[in-house]
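Here the structure is laid out as structure tokens; the discussion comes afterwards.
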Amino acid sequence: MIAWSVGLALAGVWGGLLLGYLTNLPVTFFISAIEVIFYLIVYVYHLKHN
């Protein structure tokens, strides 16, 4: 679980940095949006498999 959380956090940060560089919008917006998307995906997966 720790490896998954670190991997998703790194993916969110690097993805946010890349999108911020490409679009000239705030990096923090993209990082938080990516992490919320990851959270919602895992949440919906958990709801369907319980």
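The values are calculated or read from the model by the stated rules, or taken from the named source; none is laboratory data. Keep in mind that what you see is a predicted model, and the values were worked out from it rather than measured. Ideal geometry is used to build each Cβ from the backbone, glycine not excepted, and the neighbour counts take in all protein chains shown. The protein model used for the area step is the full one, side chains on, heavy atoms only, and it has no ligands, DNA or RNA in it. Shrake-Rupley method; radii C 1.70, N 1.55, O 1.52, S 1.80 Å.
Write out, first by first residue and then by second, each pair whose Cβ atoms fall under 7 Å of each other, whose residues are 6+ apart or on separate chains, and whose first residue, in the stretch 1-14, is assigned to a helix (DSSP H, G or I) while the second is surrounded by 13 or more Cβ atoms within 10 Å (Cβ to Cβ) and not charged (D, E, K, R).
LEU8/PHE38; GLY12/ILE31; GLY12/ILE34; GLY12/PHE38; VAL13/ILE31
Is it the case that ILE31 is open to solvent by less than 80 Å² (accessible area, probe 1.4 Å) and of a type in the set (Val, Ile, Thr)? Explain how you work it out, then say what you get.
Numbers: open to solvent by less than 80 Å² (accessible area, probe 1.4 Å): yes; of a type in the set (Val, Ile, Thr): yes.
Yes; evaluated as a whole, the condition is true for this residue.
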